[in-house]
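My questions all concern the structure below.
The values are calculated or read from the model by the stated rules, or taken from the named source; none is laboratory data. This one's a predicted model, so the numbers in the text were calculated from it and none came from an experiment. When we count neighbours, we look across all protein chains shown, and the Cβ atoms used for this are built from the backbone with ideal geometry, even at glycine.
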């Protein structure tokens, strides 16, 4: 990577990351960084291809490309019990899905595999999975259940009056007692030595933005009402269900998720977490 080339920072195109991304000082860093905003699967692909140098990716995408990434400390999208925006809509109880048809969104990696783990490991179910655009009514025309994530899941849940709804983080907690981490912030290993000062500057800006997101959460809730819908009470509950830290308890939950993924044949080998410490970023 050319040292004069702008660092490309990924940004998830969902409300759930606003408490980290909303107050990032883009204008101050405009001369040295470029922002790429996409849904998780697109960011995963761009990161894998080297089009993004630093940013959030699906936790499962980290596992698939672990040799190329390091995880930045103290940044994630995690949930303990309910997450509110990783939702399975189903026509019959989960116990009865068995060999039915399950529609998966084209926007997700971690959540898709979380669903497969839960159904395989705890319900002995092996349904017929297929991918579809994240439009609930269209998905359910040909499926017994449909998974939606992010703002698509939130909006569908508001207007849903006919399907049962299961929160996957809540189901994960029920069976494992663990946290579930859906996204981590990663950096390309091959630029760690050549662009370390810039990485540190971006990391510091992310931490500052996260702190502002914590103290200015009412502003974020109001913006969500204006752009997505709902009311302050809904968004207050939603954002307080989420954690943006990546402490030992979140790391333990993610490690167990990777273990389960390997046991279910979704990952080829054991995955360890390569998390940078605050002292080793530079």
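Of all residues in segment 47-68, count the ones that are in contact with a strand residue (DSSP E or B) (Cβ under 6 Å, 6 or more places away or on another chain) and over 14 Å from residue 258 (Cβ atoms).
Going through segment 47-68 one residue at a time, the tally reaches 7.
Working only within segment 33-68, note down all residues that are surrounded by fewer than 23 Cβ atoms within 10 Å (Cβ to Cβ), outside any helix (DSSP H, G or I) and touching a residue at least 40 places away in the same chain (Cβ under 8 Å).
33, 39, 50, 51
Another question, then. Can you find a residue in segment 243-258 that is outside the structural domain of residue 102 (by TED's automatic domain parsing), farther than 26 Å from residue 22 by Cα, assigned to a helix (DSSP H, G or I) and without any contact (Cβ under 8 Å) to a residue 40 or more places away in the chain?
Yes, because at least one residue in segment 243-258 is outside the structural domain of residue 102 (by TED's automatic domain parsing), farther than 26 Å from residue 22 by Cα, assigned to a helix (DSSP H, G or I) and without any contact (Cβ under 8 Å) to a residue 40 or more places away in the chain.
Is it true that residue 172 is loosely packed, with under 15 Cβ neighbours inside 10 Å, outside any strand (DSSP E or B), touching a residue at least 12 places away in the same chain (Cβ under 8 Å) and not assigned by TED's automatic domain parsing to the domain that holds residue 34?
It is false that residue 172 is loosely packed, with under 15 Cβ neighbours inside 10 Å, outside any strand (DSSP E or B), touching a residue at least 12 places away in the same chain (Cβ under 8 Å) and not assigned by TED's automatic domain parsing to the domain that holds residue 34.
Can I ask one more? Keeping to segment 117-152, report how many residues are part of a helix (DSSP H, G or I) and more than 22 Å from residue 56 (Cβ to Cβ). Reasoning before the result, please.
Kept after step one, since they are part of a helix (DSSP H, G or I), are these residues of segment 117-152: 117-123, 136-140, 150-152.
After this cut, where a residue has to be more than 22 Å from residue 56 (Cβ to Cβ) as well, the list is 118-123, 136-140.
Selection size over segment 117-152: 11.
Out of curiosity, is residue 188 under 28 Å from residue 248 (Cα atoms), assigned by TED's automatic domain parsing to the domain that holds residue 14, surrounded by 15 or more Cβ atoms within 10 Å (Cβ to Cβ) and in contact with a strand residue (DSSP E or B) (Cβ under 9 Å, 6 or more places away or on another chain)?
yes
Filter segment 191-212 for residues that are without any contact (Cβ under 8 Å) to a residue 40 or more places away in the chain and under 16 Å from residue 21 (Cα atoms); which is surrounded by the fewest Cβ atoms within 10 Å (Cβ to Cβ)?
Per the criteria, the residue is 204.
Here's a check for you: in segment 260-282, which residue that is touching a residue at least 12 places away in the same chain (Cβ under 8 Å) and part of a helix (DSSP H, G or I) is nearest to the chain's Cα centre (by Cα)? Even if it seems obvious, please write down each step before you answer.
Residues of segment 260-282 touching a residue at least 12 places away in the same chain (Cβ under 8 Å): 260-261, 263-264, 266-267, 270-278, 281-282.
Within this subset, residues satisfying the condition of being part of a helix (DSSP H, G or I) are 260-261, 263.
Details: 260: 18, 261: 16, 263: 22 Å.
Residue satisfying both the conditions and the ranking: 261.
Look through 112, 83, 17 and report the one residue that is crowded, with 20+ Cβ neighbours inside 10 Å and part of a loop (DSSP other than H, G, I, E, B).
It is 83.
Being surrounded by fewer than 18 Cβ atoms within 10 Å (Cβ to Cβ), closer than 19 Å to residue 103 by Cα and touching a residue at least 24 places away in the same chain (Cβ under 8 Å) is the filter here, so list the residues in segment 134-161 that pass it. Explain how you work it out, then say what you get.
First, pick out the residues of segment 134-161 that are surrounded by fewer than 18 Cβ atoms within 10 Å (Cβ to Cβ): 135, 137-138, 141-142, 155, 157-161.
Cutting the leftovers down to closer than 19 Å to residue 103 by Cα gives us 135, 137-138, 141-142, 155, 157, 159-161.
Once the filter is applied, which keeps residues that are surrounded by fewer than 18 Cβ atoms within 10 Å (Cβ to Cβ), closer than 19 Å to residue 103 by Cα and touching a residue at least 24 places away in the same chain (Cβ under 8 Å), segment 134-161 yields 142, 155, 157, 160.
Among the numbered criteria (1) assigned to a loop (DSSP other than H, G, I, E, B); (2) at pLDDT 95 or above, which single criterion is violated by residue 98?
(2)
Now, a different point. Tell me whether segment 183-193 contains one or more residues that are farther than 26 Å from residue 32 by Cβ and part of a loop (DSSP other than H, G, I, E, B). Can you show your working first?
Kept after step one, since they are farther than 26 Å from residue 32 by Cβ, are these residues of segment 183-193: none.
The answer is no; no qualifying residue exists.
Could you please give the count of residues in segment 1-27 that are touching a residue at least 24 places away in the same chain (Cβ under 8 Å), over 18 Å from the mean Cα position of the chain (by Cα) and within 25 Å of residue 194 (Cα to Cα)? Spell out the reasoning first.
Within segment 1-27, the subset touching a residue at least 24 places away in the same chain (Cβ under 8 Å) is 1, 3, 6-25.
Narrowing the set further to residues that are over 18 Å from the mean Cα position of the chain (by Cα) leaves 1, 3, 6-8, 23-25.
With the extra rule that they be within 25 Å of residue 194 (Cα to Cα), the set shrinks to 1, 3, 6-8, 24-25.
Looking only at that region, the number is 7.
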